[in-house]
Amino acid sequence: MVFWYWAAAACLLAAVVAACLSDVRLRIRYSRSGKLDQLIVIVHALYGLYRFHVEIPTIRLSKTGLSYHMKEQTEATAAGGTSSSSRRMLINMRSLRRLKVAVREMLVSVRELKGWLFEGLRKIECTRYRMDIRIGTGDAASTAVATGLCWAIMGIATGALDRFVKLNTHPHGKVEPVYAGIELSVVWEADFRIRAGTALAHGLKVLPRLRYGSALRKAFKDWRSVPGQATRS
């Protein structure tokens, strides 16, 4: 009987070590063509046993705020379950006020929160980065100026990314001027990864920094309501 206890403990320990050594992979793809925007976020963890997929096929700006249609799908291979949901969300001034309150409460609840966040970001590796832009204003001279401006923006964006995360890849991208008409299309793709054990260890570092647990719980509650208010489809 004791042998089976030790065998179970060894299997459990091996599973925990394997989980900590696995990578959490994040893929983000944003594209804009004309007036259509699309955002796709894919998360793989535990060697692909857990998958999370979010797709926002439409993003619209109106008088009431920023509205988008979000589709979520979660797949846990080990548990043998798949769940999906679809909803329309709206970001307005009320949501932004909630964001402001949530950020303020989190800064009060956690000591040196900014330093902890930046330290965690530096543990994330960017393994693929690409941005392609096609731009045309209908005028050759202004199109040339806009093309140069886009190149400058791409350089600034790459530099900012390298400042916050580990850029372990050569950024790819191009800016293509369109002199025949008016056009603006953008495709941005990036892959990120972090070791699950590294993320867990860094997450535990926030515990000694906590000041007020009740305020932090309220901050998380407000933070969850920030992405927007569900609207009827």
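The values are calculated or read from the model by the stated rules, or taken from the named source; none is laboratory data. Because the structure is a prediction, the values reported are computed rather than measured. Cβ sites come from the backbone with ideal geometry, for glycine too, and all protein chains shown count toward neighbours. Protein only, heavy atoms only, side chains kept; ligands, DNA and RNA dropped before computing areas. Shrake-Rupley method; radii C 1.70, N 1.55, O 1.52, S 1.80 Å.
Taking the conditions exactly as written (open to solvent by 50 Å² or more (accessible area, probe 1.4 Å), among the aliphatic types (A, V, I, L, M) and at negative phi), does A146 satisfy them or not?
On the way: open to solvent by 50 Å² or more (accessible area, probe 1.4 Å): no; among the aliphatic types (A, V, I, L, M): yes; at negative phi: yes.
So A146 does not fit the description; no.
Would you be able to say whether some residue in the stretch 26-37 is farther than 19 Å from S185 by Cα and touching a strand residue (DSSP E or B) at 6+ places or on another chain (Cβ under 9 Å)?
The initial filter retains those residues of the stretch 26-37 that are farther than 19 Å from S185 by Cα, namely 26-27.
Applying the additional criterion that residues be touching a strand residue (DSSP E or B) at 6+ places or on another chain (Cβ under 9 Å) yields 26-27.
There is at least one residue in the stretch 26-37 that is farther than 19 Å from S185 by Cα and touching a strand residue (DSSP E or B) at 6+ places or on another chain (Cβ under 9 Å).
Against the conditions (1) touching a Leu at 6+ places or on another chain (Cβ under 9 Å); (2) open to solvent by less than 40 Å² (accessible area, probe 1.4 Å); (3) not β-branched (V, I, T), where does R195 fall short? Just the number, please.
(2)
What's the total number of residues in the stretch 6-27 that are surrounded by 15 or more Cβ atoms within 10 Å (Cβ to Cβ) and either out of contact with any Leu (no Cβ under 6 Å at 6 or more places or on another chain) or of a type in the set (A, V, I, L, M, F, W, C) (or both)?
Start the filter on the stretch 6-27 by keeping residues that are surrounded by 15 or more Cβ atoms within 10 Å (Cβ to Cβ), which leaves 19, 22-27.
From the residues that got through so far, the ones that are either out of contact with any Leu (no Cβ under 6 Å at 6 or more places or on another chain) or of a type in the set (A, V, I, L, M, F, W, C) (or both) too are 19, 23-27.
Total meeting the criteria: 6.
Given G48, G65, which one is open to solvent by less than 60 Å² (accessible area, probe 1.4 Å), more than 15 Å from the chain's Cα centre (by Cα) and under 24 Å from R195 (Cα atoms)? Talk me through it step by step, then tell me what you get.
Numbers: G65 fails: under 24 Å from R195 (Cα atoms).
That would be G48, the only listed residue that is open to solvent by less than 60 Å² (accessible area, probe 1.4 Å), more than 15 Å from the chain's Cα centre (by Cα) and under 24 Å from R195 (Cα atoms).
Please return the ranges of helices (runs of 4 or more DSSP H) entirely within the stretch 114-233 where 3 or more residues are at pLDDT 90 or above.
Where helices (runs of 4 or more DSSP H) fall fully within the stretch 114-233 and carry at least 3 residues being at pLDDT 90 or above, they are 140-164, 196-204.
If we scan the stretch 55-68, do we find a residue that is within 30 Å of A15 (Cα to Cα) and touching a Lys or Arg at 6+ places or on another chain (Cβ under 9 Å)?
Of all residues in the stretch 55-68, those within 30 Å of A15 (Cα to Cα) come to none.
For the stretch 55-68, residues within 30 Å of A15 (Cα to Cα) and touching a Lys or Arg at 6+ places or on another chain (Cβ under 9 Å): absent.
So which residues in the stretch 68-92 are open to solvent by 80 Å² or more (accessible area, probe 1.4 Å) and either modelled with pLDDT under 80 or among the hydroxyl-bearing types (S, T, Y) (or both), if there are any at all?
Within the stretch 68-92, A78, A79, T82, S84, R87, R88 qualify.
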